[in-house]
Each structure stands twice: as C-alpha cells, then as structure tokens.
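Novice: Before we start, here is the structure in question, set down as structure tokens.
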Amino acid sequence: MLEQLGQAVIDGDVSLAKERTQAGLADGVDPVKLVNEALIPAMNKVAELWNEGEYFLSDVILCANAFSGSMDLITPVLSASDSKNNGKIMIGVVEGDMHDLGKNIVVAMLRANGFEVIDLGVDVPQKVFIEKVREEKPDILGIGAYMSTTMVQLKQNIDALESEGLRDGLKIIVGGVCVTEKAAKDAGADGWGRDALYTVDLAKKLLGV
C-alpha cells in the first residue's frame with residue numbers, strides 16, 4: 001500500500017495517488033504513516049530525479065499535484081484524529097515568490113507531527129506577515145524564499161516584526177533552496193530549515209517538545 005502510493009506520486013498520477021490514499025485511510029492506515037512513509041519519501045525521490053536531470057519541470061508539477069491531492073484527503077483526518085498539539089506554526093513564502101512545493105512538504109510534515117499549522121501560502125506581503133502574527137500569535141513563524149532575488153526579504157520581514165514589537169517570544173525559521181545557514185543567521189532568524197525533516201526536528205527543539 002505505502003509503496004504503491006509513493007509510486008503513484010513519483011509517476012505524477014494524481015487520480016491513482018488519491019485512490020491509494022483513500023484506500024489506505026479506509027483500511028485504517030495511520031495518516032501520519034501515509035505521509036512519513038509514502039508521500040514524503042516519494043517527493044524526496046522526485047527531487048532526486050529533478051536534480052539528476054531525469055525529470056523536467058512539467059514532471060515535477062505533476063508529482064506535486066499528486067502529492068497535494070493526497071494531502072487534501074489526509075489533512076482533515078489528521079486534524080480530526082490527532083489530539084496532540086505541539087504548538088502553533090505559521091508559514092508563508094515571501095512576496096514575489098510563487099514557489100510552493102517545498103513549503104507544502106514542510107506543512108505536511110509539521111501537521112503529521114502534531115503541530116497546528118497556519119499556511120499563508122505564497123507571495124505573502126510583509127504587512128500580511130505582521131497582521132497574521134499579531135492576530136494568530138504563533139509559537140513559530142516559518143518564512144520561505146526560493147529565489148536569490150527574494151532572499152533579501154527574509155531580513156526585511158524579521159526586522160519589520162521587530163519594529164512592530166512582535167519578535168519577543170516568537171521563534172522564526174527561514175528556509176528555501178537558496179537559503180544557507182549563514183543567510184539564516186544574517187537575517188536574524190532563530191533557525192535554518194535545511195529540509196522538511198530537519199525543520200520538524202528544529203521546531204520541536206525550539207519549543208521543547
């Protein structure tokens with residue numbers, strides 16, 4: 001079951017991925033297991049194929065759609081069945097950056113590990129980060145930047161939160177394919193989200209859970 005679901009995602013077969021997900025949930029498979037042992041490994045494989053030049057952007061988009069289709073079915077079950085709440089995390093991609101695949105994988109991993117996640121999506125203006133942090137009071141804010149041209153906004157957003165008096169008690173993690181550990185430190189973040197799995201471990205460490 002898990003292998004078949006993962007393969008459907010790798011093949012970019014949206015319908016089959018949804019079918020396998022529904023079958024797994026109907027059979028009582030732990031939704032966390034579906035995410036951690038099928039969907040995430042599959043997307044890691046997709047990333048590997050992309051890096052090796054075997055997959056083109058069109059292939060990756062199909063795989064991402066299959067992943068998202070499965071997560072659309074799993075997320076409500078996770079929310080309903082998981083009474084554990086390790087903390088509230090808000091996550092969004094900076095303004096002018098429309099890359100959501102990495103963010104979506106991180107969101108899925110965090111939810112599968114007992115975090116309440118508020119997903120602001122992509123192309124998030126600085127004022128929205130400020131408004132939502134003030135309104136929702138998350139424990140952690142995750143800010144993503146996936147292009148070298150948008151990385152500068154990491155520090156700009158963090159500085160703006162500081163100016164608005166919203167930095168105290170708020171942990172900030174930044175990440176994205178162009179973001180390095182040094183860039184995270186220079187931006188004033190509390191941590192660098194190297195990859196999805198590392199981000200989950202970092203969030204747990206920052207919140208002591």
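Novice: Given the DSSP H assignment, sum -39500 (n - 2.57) over each helix run of at least 4 residues in the chain and divide by its residue total; what's the result at 222 nm in deg cm²/dmol, nearest 500?
Specialist: Values: 10 runs with 117 residues, N = 209.
One gets -17500 deg cm²/dmol as the mean residue ellipticity at 222 nm.
Novice: Please give the Cα centre distance for the range 26-93 versus the range 108-164, rounded to the nearest Å.
Specialist: 20 Å
Novice: Using only Cα atoms and rounding to the nearest 10 degrees, what angle (0 to 90) does helix 57-81 make with the longest principal axis of the chain?
Specialist: That works out to roughly 80 degrees.
Novice: In percent, what relative contact order does the chain have, based on Cα pairs under 8 Å that are 6 or more apart in sequence? Don't skip to the end; give the middle numbers.
Specialist: Numbers: 340 pairs, mean separation 35.8, N = 209.
After rounding, I find 17 percent.
Novice: Using the number of other C-beta atoms within 10 angstrom as an exposure proxy, rank 90, 147 with the fewest first.
Specialist: Numbers: 90 23, 147 15.
The most exposed by this proxy come first: 147, 90.
Novice: Order of 183-189, 121-127 by packing, highest average Cβ count within 10 Å first? Please list the in-between numbers first.
Specialist: Working: 183-189: 18.6, 121-127: 15.7.
Peptide ranking by packing, descending: 183-189, 121-127.
Novice: Next question. Separation between the residue 194 and residue 45 pseudo-spin-labels, each 7 Å from Cα along Cα→Cβ, expressed in nm?
Specialist: It is 2.4 nm.
Novice: Also: Quickly work out the residue 149-to-residue 22 label distance, labels modelled 7 Å from Cα along the C-beta direction, and quote it in nm with one decimal.
Specialist: 4.1 nm
Novice: Using alpha carbons only, what's the Rg to Rh ratio of the range 71-209 with Rh from Kirkwood? Don't jump to the answer; show the numbers that get you there.
Specialist: On the way: Rg = 13.8 Å, Rh = 14.7 Å.
On the Cα set of the range 71-209, Rg over Rh gives 0.94.
Novice: Using only Cα atoms and rounding to the nearest 10 degrees, what angle (0 to 90) does helix 14-26 make with the longest principal axis of the chain?
Specialist: It is inclined by approximately 80 degrees.
Novice: How high is the FRET efficiency between residue 201 and residue 180 when r is their beta carbon distance and R₀ equals 25 Å, given to the nearest 0.05? Walk me through the numbers before you get to the answer.
Specialist: On the way: r = 18 Å, r/R0 = 0.73.
It comes to 0.85.
Novice: Please compare each pair in 88/204; 127/204; 103/127; 18/205; 45/204 to a cut-off of 23 Å on the Cα-Cα distance and tell me which ones are over it.
Specialist: On the way: 88/204 11 Å; 127/204 27 Å; 103/127 20 Å; 18/205 33 Å; 45/204 25 Å.
The pairs that break the limit, which is 23 Å between Cα atoms, are 127/204; 18/205; 45/204.
All of the numbers you see were taken from the coordinates with simple rules; none came from a lab. Only a predicted model underlies this, so the values are computations on that prediction, with no experimental measurement involved. Here the Cβ is made from the backbone with ideal geometry for all residues, glycine too, and neighbour counts use every protein chain on show.
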